[in-house]
Amino acid sequence: MIKSRLFLPLILFVFAFNANAQSLDAMIERDLPSMLATYKTLHAAPELSHREEKTAAFVAGELRKLGFTVAERIGKFQNAQWTGYGLVGVLKNGPGPTVLVRTELDALPVEEKTGVPYASQVKTKNDAGVEVSVMHACGHDIHMTSFLGTAKLLTELKDRWSGTLIMLGQPAEETGDGANAMLRDSLYTNFPRPDFAIALHDKPELETGKVGYTPGYAMASATSIDIKIRGVGGHGSMPEATKDPVVVAAQVVTALQTIVSRENSPLDPAVVTVGSIHGGTRYNIIPDEVNLQLTVRAYKEEVRRKVLASIERIVKGVAATAGIPEDRAPIVKVSEGTGPTYNDPQLIERLAGVFKRALGEENVVKLDPIMASEDFGYFSLDQKIPATLFWLGASEPAKVKAWRETGAPLPGLHSALFAPVPEPTLRTGVKAMTSAVLELMKK
Ligand SMILES: [Zn+2]
Ligand SMILES: [Zn+2]
């Protein structure tokens, strides 16, 4: 008797939970054909960073149709010629927390070679006036489609949550300046400041149908550095009359390798990569200068600062050792970079529990951090607002298996061959993101 009295509410609870889970699945299946159409439309019409005009207008229009109050053209860039195509959709639904969901809007100057029927044919001129092909090679089209699918489900499920939902479309993620441009444009004073900020990013190295999460530092900060090594040029046959910047540059590249290997703690990840080296015009001329471009990655700000100081010291030291006069010392220019992505551990663990219930324990995996970077972290205001980004698996499971076991090629992000499997990826993205918001705003 006692047993059955306890048992009945349990059955009802389990039944109710399953019914809810099932209804979410049913709603997603119902919407999948239109989501696929949206995805293919977005995929075929990519726009470069700082030029996301049509993409932003489309996303804003869709949010408006769903009943969001939408503001457009948010974002102030340092280059005043660029328009900020950021957008914010707000849906107020009673008291409770404010949750921000972010998608990116931009694509990359990559010529698509996937061969899918909806492949991009888009060509445009870049800032330098050079014609480039454009492709959603980072999957931001998957993100936008999941974002809109999530927005739709949440408007239909308003009786299950309470609070303020902010759906934010961010421009210029690939150039690392879009999030800051929106914050600089009074994002958190013109619109409600969030209690939580969440985003997803597709991941080719993870099977479609799965999500991944990384508590704490998940992605590194990225800093771009330009180095101009100045020498004294002359005839290639008379090195004694010159100060050869090519040799100095070669020594600099080698000497820089000691920063991570000898100066930095092995427990603090850091990367120094020289990605570009240009100097000289022909065989027998010692040039006046050589230009290098570097990227520096780190999680901790103190590590980043130390690495930057070491670069400057080494570059100037090598040049001085070569006898380059002080007035021709190298010029080291550090550009505005991107901060690290720090996943609030409490928030991501909470969401991981939700994902396990929604997608099954086996479809939620903890992943190692990576040294790639992303500007989503800025929305946390230096970790003052709990924020987290989770990974969305995007590749055929058999291909991921072959890549892991035999090293078979698996096109990664930014590859001309990156082709996420749309249906299961969108299904999982919408389910995970919707479940996450419902958890954070549950009644
Ligand atoms: Zn990217
Ligand atoms: Zn991306």
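Laboratory data are not the source of any read-out in this text; all were calculated from the coordinates shown. Predicted, not measured: the structure shown is a model, and the values here were computed from it. Cβ coordinates were reconstructed from backbone atoms using ideal geometry, including for glycine residues, and neighbour counts include every protein chain displayed.
For this structure, a couple of remarks:
- Selection count where residues are over 22 Å from the mean Cα position of the chain (by Cα), in contact (Cβ under 8 Å) with a residue 12 or more places away in the chain and over 12 Å from Gly233 (Cβ atoms), scope region 280-306: 4
- Evaluation of Glu174 against (1) closer than 26 Å to Lys54 by Cα; (2) in contact with an Asp or Glu (Cβ under 8 Å, 6 or more places away or on another chain); (3) more than 14 Å from ligand 2 (Cβ to nearest atom) (one fails), failing number: (3)
- Residues in region 381-393 that are surrounded by fewer than 24 Cβ atoms within 10 Å (Cβ to Cβ) and within 16 Å of the chain's Cα centre (by Cα): 2 in all.
- Looking only at region 413-430, residues that are out of contact with any Asp or Glu (no Cβ under 7 Å at 6 or more places or on another chain), within 15 Å of ligand 2 (Cβ to nearest atom) and not in a loop (DSSP other than H, G, I, E, B) come to 1 in all.
- Residues that are among the basic types (Lys, Arg) and away from ligand 1 (no atom under 16 Å from the Cβ) number at least 1 in the following helices (runs of 4 or more DSSP H) confined to region 153-264: 178-184.
- Condition check for Thr208: crowded, with 21+ Cβ neighbours inside 10 Å, in contact with a Ser or Thr (Cβ under 6 Å, 6 or more places away or on another chain) and either closer than 25 Å to Ala419 by Cβ or touching a residue at least 40 places away in the same chain (Cβ under 8 Å) (or both): yes
- Neighbours by Cβ (under 6 Å, 6+ apart or cross-chain): first from region 160-186, hydrophobic (A, V, I, L, M, F, W, C); second in a strand (DSSP E or B) and within 16 Å of ligand 1 (Cβ to nearest atom): Leu168/Arg102; Ala179/Gln170
- Candidate set: region 394-433, residues that are of a type in the set (Val, Ile, Thr) and under 20 Å from the mean Cα position of the chain (by Cα); chosen: the one nearest to ligand 1 (Cβ to nearest atom): Thr425
- Test for Ala181: is it surrounded by 22 or more Cβ atoms within 10 Å (Cβ to Cβ) and within 15 Å of ligand 2 (Cβ to nearest atom): no
- Qualifying positions in region 136-152 - of a type outside the set (Val, Ile, Thr) and either under 24 Å from Gly75 (Cα atoms) or assigned to a loop (DSSP other than H, G, I, E, B) (or both): His136, Ala137, Cys138, Gly139, His140, Asp141, His143, Met144, Ser146, Phe147, Leu148, Ala151
- None of Lys92, Lys65 is of a type in the set (D, E, K, R), within 20 Å of Lys152 (Cα to Cα), surrounded by fewer than 20 Cβ atoms within 10 Å (Cβ to Cβ) and touching a residue at least 40 places away in the same chain (Cβ under 8 Å) except Lys92.
- Looking across region 119-135, just one residue is in a strand (DSSP E or B) and within 20 Å of Leu36 (Cα to Cα), and that is Met135.
- Residues in region 233-245 that are of a type in the set (A, V, I, L, M, F, W, C) and buried (at least 16 other Cβ atoms within 10 Å of the Cβ): none.
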